[in-house]
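Encoded as structure tokens, the structure appears first; notes follow it.
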Amino acid sequence: MRFRTWMLAFLAPLSLGVGLAPQSEAGTPARSPIRHIVVIYMENHTFNNVLGKLCVDDQRCEGTTTGKLSDGTTIPLTQATDVVPAIGHGTAATTNAIHGGAMDGFDTVLHCHKSDGYACFTQYYPDQIPNLAALARAFVIADHTFNSDVYSSWVSHIALVSSTKDGFFGNIPQVSQEPGVTKGPGWGCDSNMDAKWAPPGSQNFILVPSCIPDQSGFGPYRPSPVQWVPTIMDRMDAAGLSWRLDSGEGTEDKSVGTGYAWSTCPAFADCLYTQQVTKVRPWDAIINQANIGRLPRLAIVTPTYKDSQHNHTSMLRGDNWIGSIVQAIMNGPQWTSTAVFIAYDDCGCFYDEVAPPQGFGIRTPMVIVSPYAKSGFTDTNVASTSSMLAFIEHTYNLPPLGAGDQNAYDFANSFDFTQSPIQPVTLTHTALPRAERRWLAKQPVHEGNT
């Protein structure tokens, strides 16, 4: 029985927003103890690139150690380098890699040709990502989670909170060609940039301001046909539930590399130009909140460039960053009421062998951490980016934002709210080699390439 079906049947509206769990074997629904949901949203990797080797080693989830070229040849996947290769990873690259579901177009992607050593045919070994591997082994891997569409980073972050692209597509916004327009920070309403957009049912795009207006049409730097859409922040506000966007360096430092471009709020006039913007904090706010037992009901955490595991950054540094957040939550007083989702925004664009369902994008890593997540469990249900929204909505009894989240699987099978809570695991901090730290420090920031 679907999670939402029994919930509506058995749950009277609760002022505290606590939902119900899937039915137990006895047929009695269990009350959900989840009162805090944390989404950690990383950059640019496929499932097989991050967790495929672990799946093969543990014989637990769907992964492979070989890849298929466009000529039908099978090649071994090599061990990835800690510095993530700079592979093409825009929407065209993703579409070409998927190749209509054949999953054999990755060697046509920029910087993944034979002359590049097939750099996207790589995967990380568990000891290269010790924290994520430990969490995956102790808790839940959802190995059929896909992007809800073929995304670039900017559009993916819009859909993360709204379950829609709202007509936007293509890669990151571009500098406006309008006379007298000066580029601002990031990619959203204050960037004064343009993005590709098409009206419903049309394949013909136009360039419009990279901004979703409020309900009055305010927000874009010039008139825009884009329509307002609600966000999960709006739903939380309407229900009187606390939320935060712990995003890079917050809204104070808007320079390149701070994570401001990924902070989601600037894409929505309803966030950037209202009191909602005060709920955008630096990423380490989540650690402080966890330590003192003041987690909001929803926190969406995005990194700075250096911690993001983006192409041309350190995978291990990002793993340390993930570990610091999750360890603080596990060691904090609210661990027993928290669910953490660790997800990724696009392909990177690294090899993955699983064809996405019709209309979906690439398969991406998903690890679910909670004392009520099933221990060492693999959730094979088809899920998407919108599935996290569905979980939030069903847990807090919120109305859906649209068809995407309304129809999405909500990870109900990943949890058992009747089990004895899983105890925290110990995570690590691994120092990067000094030579690598020096090399990385000299590299330019490439936050703006998807």
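Okay, here's what the table says:
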read-out: Of all residues in the range 372-418 being closer than 20 Å to residue 344 by Cα and acidic (Asp, Glu), the one that is surrounded by the most Cβ atoms within 10 Å (Cβ to Cβ); value: 405
read-out: Any hit, the range 370-379, residues being farther than 27 Å from residue 100 by Cα and of a type in the set (Phe, Trp, Tyr); value: yes
read-out: Top-ranked residue of the range 300-316 - restricted to ones that are touching a helix residue (DSSP H, G or I) at 6+ places or on another chain (Cβ under 6 Å) and assigned to a helix (DSSP H, G or I), ranked as surrounded by the most Cβ atoms within 10 Å (Cβ to Cβ); value: 307
read-out: Leading residue by the ranking (surrounded by the fewest Cβ atoms within 10 Å (Cβ to Cβ)) among those in the range 158-197 that are under 26 Å from residue 299 (Cα atoms) and among the β-branched types (Val, Ile, Thr); value: 172
read-out: Restricting the range 131-144 to residues that are assigned to a loop (DSSP other than H, G, I, E, B) and of a type outside the set (D, E, K, R), the residue that is surrounded by the fewest Cβ atoms within 10 Å (Cβ to Cβ); value: 144
read-out: Answer from 320, 381 - the residue that is modelled with pLDDT of 95 or more, out of contact with any Cys (no Cβ under 9 Å at 6 or more places or on another chain), assigned to a loop (DSSP other than H, G, I, E, B) and not aliphatic (A, V, I, L, M); value: 381
read-out: Any hit, the range 252-272, residues being over 17 Å from residue 184 (Cβ atoms), in contact (Cβ under 8 Å) with a residue 12 or more places away in the chain and assigned to a helix (DSSP H, G or I); value: yes
read-out: Residue count, the range 395-409 (criterion: over 11 Å from residue 232 (Cβ atoms) and assigned to a helix (DSSP H, G or I)); value: 4
read-out: Answer from 200, 230 - the residue that is in a loop (DSSP other than H, G, I, E, B), at pLDDT below 95 and not aliphatic (A, V, I, L, M); value: 200
read-out: Residue tally, condition under 23 Å from the mean Cα position of the chain (by Cα) and either assigned to a strand (DSSP E or B) or modelled with pLDDT of 95 or more (or both), over the range 168-185; value: 4
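Rundown of residues vs (1) modelled with pLDDT of 95 or more; (2) in contact with a strand residue (DSSP E or B) (Cβ under 8 Å, 6 or more places away or on another chain); (3) crowded, with 19+ Cβ neighbours inside 10 Å, yes/no style:
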{"site": "65", "(1), (2), (3)": "yes, yes, no"}
{"site": "77", "(1), (2), (3)": "yes, yes, yes"}
{"site": "80", "(1), (2), (3)": "yes, yes, yes"}
{"site": "88", "(1), (2), (3)": "no, no, yes"}
{"site": "98", "(1), (2), (3)": "yes, no, yes"}
{"site": "129", "(1), (2), (3)": "yes, no, yes"}
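The values are calculated or read from the model by the stated rules, or taken from the named source; none is laboratory data. This structure is a prediction, so every number in the text was calculated from the model and none was measured. Ideal geometry is used to build each Cβ from the backbone, glycine not excepted, and the neighbour counts take in all protein chains shown.
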